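Peer 1: Provided herewith is a single structure, encoded as structure tokens, for subsequent inquiry.
No lab work stands behind these numbers, since they all come straight from the coordinates. In this text the structure is predicted, and so the values were computed from the model without any measurement. Cβ coordinates were reconstructed from backbone atoms using ideal geometry, including for glycine residues, and neighbour counts include every protein chain displayed.
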Amino acid sequence: MGPPDLCDRHSCLKPAPVRFLLYTHFGMSNVNQTETENCKITRMPVGFVEANCYVVELEGNTCFIIDPGAEARKILALVSSLSCVGILCTHTHLDHIGAMAKVAKGTGAPIFLTSEQRQILSGSSVSGFAARLGAFLVSKLRSDEHKECGNKLDFGGFEISVLKTPGHTSDSISFLCEAGVFTGDLLFRHGVGGTYLKGSSLEELRHSVVTEIFPLGDDTIVFPGHGPETTIGEERRNNPFL
Ligand SMILES: [Zn+2]
């Protein structure tokens, strides 16, 4: 049985097929680029645990950033010639948000947070050390630098669907756009995010993958929070954790 037609729910998947993929190895280690019709995605592992920070470059010299976890200077250098229109995070673990405040200040871009992520980072819903430390770092930002991350985001006509995908953390979300899906620590190539911290649940993680990610179709590219890109088909067939 083929994947269900999700066009109504995920309109951003509708027309633009990936025209071609271009993997470029820069001088920097492990930096990859994926290019599609309307965007160019640069994946840059940052910090000690090499969390993937993604810069998605759009038409008109704009970009948005997903998971600026560390090494703000490196991230800011990468976007120095671009106008950054937003900063997103897949979840509030420190390795994904550690450089968020500095990158927001350096670019002037707003941070988009779900209400749950905002609660965790403001300390009103604290779940574990990583979130508490993250809250300390991000709380330096003024509240008017945060914007609501609802079910949809639109950056100059470039649409992003925000999928609720709890399991690794209760506030985990995934971002779906024409290029693929950014899963954070929900799903890796042949792996899944840890479920040993407070607020984690392997059962819930599997449920999120099966109900929110698998239906996107086998050819959909997965941009994970750690490690290289993969596809939904590859993970459906060969991920030992699912
Ligand atoms: Zn995490």
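Peer 1: Computed FRET efficiency, Cβ-Cβ of Glu59 and Lys147, R0 30 Å: what is it to the nearest 0.05? Let's see the in-between values first.
Peer 2: Values: r = 22 Å, r/R0 = 0.72.
Computed FRET efficiency for Glu59 and Lys147 comes out at 0.90.
Peer 1: Also, I was wondering about something else. Regarding region 160-242, what is the average projected area of its C-alpha convex hull, in nm²? The partial results should precede the final answer.
Peer 2: Numbers: hull surface 18.4 nm².
About 4.6 nm², averaged over all directions.
Peer 1: If you don't mind, there's one more thing I want to ask. Tell me, what ³J(HN,Hα) does each residue in region 205-214 have, in order and in whole Hz, if you take phi through Karplus 6.51 cos²θ - 1.76 cosθ + 1.60 with θ = phi - 60° and put x for Gly and Pro?
Peer 2: Rounded to whole hertz, the list is 4, 4, 4, 4, 5, 5, 8, 10, 9, 4.
Peer 1: What is the gain in length, in nm to one decimal, between Ala77 and Thr231 on full extension, counting 0.36 nm per residue of separation less the C-alpha to C-alpha distance?
Peer 2: Values: separation 154, 0.36 × 154 = 55.44 nm, distance 2.93 nm.
Stretched fully, the Ala77-Thr231 segment lengthens by 52.5 nm.
Peer 1: In whole Hz and in residue order, list the ³J(HN,Hα) couplings for region 69-79 that follow from phi through the Karplus curve 6.51 cos²θ - 1.76 cosθ + 1.60, θ = phi - 60°; x for Gly and Pro.
Peer 2: Taking θ as phi minus 60°, the curve returns x, 6, 6, 4, 4, 5, 5, 5, 5, 5, 9 Hz for region 69-79.
Peer 1: While we're looking at this one, here's another question. Using r as the Cβ-Cβ distance of Asp154 and Asp219, and R0 as 25 Å, what FRET efficiency do you calculate, to the nearest 0.05? Spell out each step's value before the answer.
Peer 2: On the way: r = 24 Å, r/R0 = 0.96.
Once rounded, the FRET efficiency stands at 0.55.
Peer 1: Whole-Hz Karplus ³J(HN,Hα) for region 111-121, in order, using 6.51 cos²θ - 1.76 cosθ + 1.60 and θ = phi - 60°, x for Gly and Pro?
Peer 2: Coupling constants for region 111-121: 9, 9, 10, 6, 5, 5, 4, 5, 4, 5, 6 Hz.
Peer 1: Among the listed pairs Lys105/Lys164; Lys105/Lys198; Lys102/Lys164; Lys105/Lys147, which are separated by more than 24 Å between their Cα atoms?
Peer 2: Details: Lys105/Lys164 27 Å; Lys105/Lys198 30 Å; Lys102/Lys164 26 Å; Lys105/Lys147 15 Å.
Distance filter (> 24 Å) returns Lys105/Lys164; Lys105/Lys198; Lys102/Lys164.
Peer 1: Ser115 to Leu197: FRET efficiency via 1/(1 + (r/R0)^6), r the Cβ-Cβ distance, R0 22 Å, to the nearest 0.05? Can you show the working numbers first?
Peer 2: Working: r = 21 Å, r/R0 = 0.96.
The pair Ser115/Leu197 has a calculated efficiency of 0.55.
Peer 1: A further question follows. Could you tell me how far the Cα centroid of region 49-105 sits from the Cα centroid of region 155-190, in Å?
Peer 2: What the calculation gives is 15 Å, centre to centre.
Peer 1: In terms of modelled amide H atoms, which long-range or inter-chain residues lie less than 5 Å from the amide H of Gly227?
Peer 2: Those qualifying (amide H under 5 Å, at least 5 residues apart or on another chain) are Asn52.
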